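These notes are about the structure you will find just below.
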Amino acid sequence: GCGKKSDAEEKTSEQTLIDVGFSQLGAESDWRIANTESIRNSLSNENGFNLTFDDAQQKQDKQFIAMRKFIQQEKDCIVLAPVMEDGWDTVLQEAKDAGIPVIVVDRRVNVQDTRLVTAWVGSDFRKEASIACEWLKSYTESNGIKPEELFIVDIQGTLGATAQIERSDGLKNACEKYGWNLLEQVPADYTQAKAKEVVSNLLNKYKDMNVVYCENDNEAIGAIEAIEESGRKVGSNISAGEIMIISFDATHSGLKMVMEGKIALDVECNPLQGEEVALLVKKVQNSDEFHRYTYVKERAFSMDQTVKTVKLRDGDYEITTLTEDIIADR
Ligand code: GZL
Ligand code: ZN
């Protein structure tokens, strides 16, 4: 009834909280922090959940420990944000044997038996890479830059993560297809510090490097620091000797750099998966029909006016010109 809940009602409403264990891979980037916040806010008590959170500091072994703890605690459901694709078969089989559904978010897992994963919510990283590479192709054509004049370095994310595999492959394939020079692909674990160190080394090694493809914004910030400290300029005017930065995530700090013309293109990777995850957990819990795979929406931002749309397999893709209010609400 309305008004004050009776003790009995209070009791049952306590019992009906869905008991969820969330194994988050780490806190390595702004994207990750936003992802954690989104999921924790959505899987709240008032939304009907009792959430146990674990941060594995980017170590897969710590994720295994967390998963086994959740299995031992007989959680109703486990949410897993896997640090890399491989190695999950055993612990996911243990969860299945315990009758606990596992919902994977963000990156994917590479398992023999796909039934070990009840559902997945995340981004289409391959599409993100093709948006970036098709934009670069259009940009060079619109600005009279020959393909063989591009000398690209790839600052990779955590090796083995779906985002890394697919963003790196997308670039590699585009370089082969369009005749761009791919100088080197170097891992930097999605962190600013590692990217700064890696790009400093690459600057000494390759005088002709003119495009830095960063697999997230934290790496882009580190790359910009290294480039500016070496006396070079970042920007879009490759012919004038500027080094072009392409990045992913479109975090607040990344978009500020786009606004300042320091990042030429930033492809969004939407971390706000909390609502989708909460919906999925409830549908799985109530045996309602649900989507096995859910892709979150993403855009791409640039201040450059020469490329408004790019052609992708599934049709034209609009490049969003960045404005202050878009940045404000990040
Ligand atoms: C992508 C996610 C990546 C982000 C990085 O969905 O896995 O991990 O691009 C984050 O910022 O560290
Ligand atoms: Zn459907």
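Counting 0.36 nm for each residue step from Glu176 to Asp61 and taking away their Cα separation leaves a gain of 37.8 nm. For region 15-113, a/c is not less than 1.5, where a ≥ b ≥ c are the root eigenvalues of the C-alpha gyration tensor, and a/b does not top b/c. That puts it in the oblate class.
A simple packing score, the average count of other Cβ atoms within 10 Å per residue, orders the peptides 42-48, 70-76 as 70-76, 42-48, with the highest score first.
Computed from point charges on the beta carbon alone (+1 for Lys and Arg, -1 for Asp and Glu), the dipole magnitude for the chain about its Cα centre is near 280 Debye. Taking the Cα centre of region 114-180 as reference, the dipole from Cβ charges on Lys and Arg (+1) and Asp and Glu (-1) amounts to some 240 debye. Computed over the chain, relative contact order equals 16 percent, with contacts defined as Cα pairs under 8 Å that lie 6+ residues apart. Spin-label model, Glu229/Leu159: points 7 Å from Cα along the beta carbon direction are separated by 2.4 nm. Rounded to the nearest 500, the 222 nm mean residue ellipticity of the chain from helices alone is -12500 deg cm²/dmol, with -39,500 (n - 2.57) taken per DSSP H run of at least 4 residues. The share of C-alpha pairs in region 283-323 whose separation exceeds 13 Å stands at 68 percent.
Between helix 217-229 and the chain there is an angle of about 30 degrees, using the helix long axis and the longest principal axis of the Cα atoms. Answer rounded, prolate or oblate for region 132-263, using the Cα gyration tensor with square roots of eigenvalues a ≥ b ≥ c: rounded when a/c is under 1.5, else prolate when a/b is larger than b/c, else oblate. Rounded shape, in that the Cα axes give a/c under 1.5.
In loop segments of region 238-286 as defined by DSSP, the GluC sites (Glu not before Pro) with at most 15 further C-beta atoms inside 10 Å of their C-beta are Glu260.
In this structure, the pairs whose alpha-carbon distance is over 26 Å, taken from Lys96/Lys194; Lys75/Lys283; Lys194/Lys308; Lys194/Lys297; Lys172/Lys256; Lys205/Lys256, are Lys96/Lys194; Lys194/Lys308; Lys194/Lys297; Lys172/Lys256; Lys205/Lys256.
Computed over protein heavy atoms with a 1.4 Å probe, the accessible surface of the chain works out to 45 Å² per residue. The charge dipole of region 78-138, taken about the Cα centre with unit charges on the Cβ atoms of Lys, Arg (+1) and Asp, Glu (-1), comes to about 220 debye, rounded to the nearest 20.
For the chain, what is the per residue volume of the convex hull drawn over the alpha-carbon atoms, in cubic angstrom? Walk me through the numbers before you get to the answer.
Values: hull volume 50.3 nm³, N = 330.
Spread over its residues, the Cα hull of the chain gives 152 Å³ apiece.
How much length is gained on full extension from Glu149 to Asn286, taking 0.36 nm per residue of separation minus their Cα-Cα distance? Stretched out fully, the Glu149 to Asn286 stretch lengthens by 43.6 nm. Taking amide H positions as modeled 1.01 Å from N, with prolines and chain starts lacking one, the residues under 5 Å from Phe49 and 5 or more places away or on another chain are Ile18, Ser44. Taking only alpha carbon atoms, region 237-308 gives an Rg to Rh ratio of 1.22, where Rh is the Kirkwood radius.
The values are calculated or read from the model by the stated rules, or taken from the named source; none is laboratory data. None of the values given here were measured: they were computed from a predicted structure. Virtual Cβ from ideal backbone geometry, glycine too; neighbours counted across all protein chains shown. Areas reflect the complete protein model, heavy atoms only, side chains present, ligands, DNA and RNA absent. Shrake-Rupley method; radii C 1.70, N 1.55, O 1.52, S 1.80 Å.
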